[in-house]
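Remarks on the structure that follows.
Derivation of every value follows stated rules applied to the coordinates shown; laboratory data play no part. Quick caveat: nothing in here was measured; it's all calculated off a predicted structure. As a convention, Cβ positions derive from the backbone with ideal geometry for all residues, glycine included, and neighbour counts pool all protein chains shown.
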Amino acid sequence: MTLFQSIILGIVEGITEFLPISSTGHMILASYFMGIQDDSFTKLFEICIQLGAIMSVVVLYWKKFFDFKKWQFYLKLVVAVVPALILGFLFNDAIEELLESPMTVSISLILGGIVLLFIDKAFNNPTITTEEDIKPKNGFIIGLWQCVSMIPGVSRSAATIIGGMQQKLTRSVAAEFSFFLAVPTMAAATGYSLILKNWKVDGTEMKGYELLLQNSDNLMIFGVGALVSFIVAMIAIKSFISFLQKYGFKVFGIYRIVAGLIVMLVLGLNA
């Protein structure tokens, strides 16, 4: 991976992480079209680069994350992240195989887009208007919805926002809780990929942190990509809430369907 490619992936991650269009799916497609999708460092990068994006949530909502008197907030996040931690650990190999399939991404984009076309009308009677009104039970169910996003192209943001709306959260509160839930979820995924997971590199296995520290280029490429994703995600988060309140999900649904069809067409022509 070159420095330019890391910047491209950082921009893609920053824009798409918190939008309901699948950041993982878009990075898989970007890596595929740049011809670097089979590289172990690229796969590690695609997971760990999300750390930059989620740090933007901590910075923007720092009062929420560092108000230790409101322990209920942390309890809801812990309860919500448990399903993804368990399923992610049990089915890591199967998930990794799916991460190598651009066709899976295109199908998920299309199917998810169809769902988003109708989601505003499906859940249009919210009763939970603030984060404080969310109960641990609501958080756990939203966490179950998040597990669907382990299929590349589904979108963690879309799954958790839809789960939140199904639990009677308003669109804006569901989106904010999705942002909050991204922090422990992505932190856990990054920690697992860096510390516990074995990556195959030139016939040998090494931990993620060993691959990252293998040479100075890898470290610089990751650092630049993470910084870019952090900056771009800050802008995306600020814009998304107001856009969602004004226009809803239909625009994202149309985008997903069009993008999925284009990718499927390109893959078919290159087959």
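Results, tabulated for the structure shown:
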| quantity | calculated |
| --- | --- |
| Phi-based couplings in Hz for the stretch 194-203 (Karplus 6.51, -1.76, 1.60; Gly and Pro marked x) | 7, 9, 9, 6, 9, 10, 8, 9, 6, x |
| Derived scalar couplings ³J(HN,Hα) [the stretch 53-59; Karplus, 6.51 cos²θ - 1.76 cosθ + 1.60; whole Hz; x for Gly, Pro] | 5, 6, 5, 5, 5, 4, 5 |
| Gaussian network model of the chain, springs between alpha carbon atoms under 10 Å - residue of Val201, Val173, Val258 with greatest fluctuation | Val201 |
| The stretch 263-270 - phi-based ³J(HN,Hα) in whole Hz, Karplus 6.51/-1.76/1.60, Gly and Pro as x | 4, 4, 5, 5, 5, x, 5, 8 |
| Packing-based ranking, highest mean first, of 123-130, 14-21 given that Cβ atoms within 10 Å are counted | 14-21, 123-130 |
| Pairs from Lys70/Lys121; Lys135/Lys207; Lys63/Lys137; Lys63/Lys246; Lys135/Lys238 whose Cα-Cα separation, in the structure shown, is over 28 Å | Lys70/Lys121; Lys135/Lys207 |
| Over the chain, volume per residue of the alpha carbon convex hull, in Å³ | 119 |
| Estimated [θ] at 222 nm from DSSP helical runs (n ≥ 4, -39500 (n - 2.57)) normalised by residues in the chain, nearest 500 | -24000 deg cm²/dmol |
| Helix 171-191 vs. the chain, principal-axis angle (Cα, 0 to 90°, nearest 10) | 30 |
| Using alpha-carbon coordinates, inclination of helix 23-34 to the longest axis of the chain, degrees | 30 |
| Percentage relative contact order, the chain, counting C-alpha pairs under 8 Å, at least six apart | 36 |
| Placed amide H near Val201: partners under 5 Å, 5+ positions off or other chain | Met206 |
